[in-house]
Amino acid sequence: MVSRFFSWTNEKPLGDQRAHLPDSFLELEQEIAIREEGLSKLFQATTIWIDSILKKVDGEDKEKCLACENLGKVMINHSKELPQDSSYGITLSQLGKANLKIGEHQTSLAYKARVCYLDFLKRYLVQAKDFHSARKKLESRRQAYESLLQKSFKEKKEDSRLEEDIRLALYKFEESTEQVKNRMIALKDVEADQYQQLTELIVYELNFFKESTGILNTIFNSQNSLTPQKKIQSSERSVENEFLASPMDPSLSKLFTKTTNTEKISPTPFSTPKRKSKKETVFVKAIYSFTGRNEKELDLHTGDVIQVSEQLGPDWYMGEKVNSKAEKLGNSGMFPVNYCTRIYDLHVQKSHETRSLERARSIRRIVSDDPRDYCSPIKQSPIQNLKFLDSDNSLLSSQNVEASSQPIKIRKPLPEIPNK
């Protein structure tokens, strides 16, 4: 071996007399360094998390306890100062006892996390420390081996003692290299155990939150069963306040004015039950023609008035056609919202249309020199009618004017059909 060594050194320059480690060894060493750094940070973060869970504060009785346990004790003590039939006091006591139980589960979670996970990370870091010690030993033997190689290179004749030293140094270097490699493989193979310990930690955390949620749900359900009547009364008061704060409907205001002229109004007709049963009637007017795609959809023509019975969603109404006297015509179904506009009074709407038509005829008398019967209908195209009457802020359509042509049918993109 020594003769082969000398033949090799005679072919190599002095600067290459080094012991090189395999590339696979260096790649594995780099991977272990990344794992060690990540687990070291994970160990520190887990330690801080467990310490925060177990952090204790000074309680009312000057005894160290968890923050949630201290809150539970304060709640229980205050509930004892309230009347025994107080719903608030009963719930406060129950929540205080629940916080004490949650504190116990919290302590158990911290203990299990420390035993199953934190101690495992600690053992890994101890193994990593032993790996670093073996790596330093390998580096020391490598330097000793390289020193003997360079010394033998400088010698001009063979030395049996030097050859024996080189042989021994090479053996120690190879032995340390194998030991370090085995330690790195062992650290890498720990990943399966890490996964198992992490799964156990997930189970412990999940059980903690399940138990805590179960405790709070029990209190919530019992709290709901304590004061159902009070909740109903509170809801009625909120509805009453909302009604009183909202403006009065025009039809109700007319009724109110008419009644005050005949007799004095007592407060009984405006009691809460009658106000709750009163429901505003909504009317809309079709501004576009719509042809239903099935028997459930209502066909619309421009100018149709529909009484809305229900809003199926943001894009669809359910209603029935009515005439100018709000009498139902028997045609009902669902129709799109964006094809209509809301109207608030059928009589006011009709008078607006009449005034718009009269105004159009008056303007025609002024601007025209043609001697004709100005009371006859204005002969214009539907588009002209719409443009002319829109300037009067009127909702009058071409169907309300006696024209020779048919109303314009305009289609808008249909919204999606609701699930109902």
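Tabulated values for the structure
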read-out: Alpha-carbon Debye profile of segment 2-226, log10 I(q)/I(0) at 0.08, 0.12 Å⁻¹; value: -0.55, -0.81
read-out: Neighbour net charge for R135 - beta-carbon separation under 12 angstrom, K R +1, D E -1; value: +3
read-out: Cβ charges +1 (Lys, Arg) and -1 (Asp, Glu), total dipole of segment 2-226, debye; value: 460 debye
read-out: Estimated inter-spin distance, R342 and E139, nm [label 7 Å along Cα→Cβ]; value: 8.0 nm
read-out: Cβ-defined net charge surrounding I185, 15 Å radius [Lys, Arg +1; Asp, Glu -1]; value: -4
read-out: Cβ-Cβ FRET estimate between K210 and I34, R0 fixed at 45 Å, reported to 0.05; value: 0.80
read-out: Check: segment 158-224 dipole with +1 on Lys, Arg Cβ and -1 on Asp, Glu Cβ, in debye; value: 560 debye
read-out: For S176, net neighbour charge (Lys/Arg +1, Asp/Glu -1) across residues whose Cβ lies under 12 Å away; value: +4
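Read-outs: derived from the displayed coordinates by stated rules, not from any lab. Since the structure is predicted, the reported quantities are computational estimates derived from the model, not experimental observations. Every residue, glycine as well, gets a Cβ built from its backbone with ideal geometry; the counts of neighbours run over all protein chains shown.
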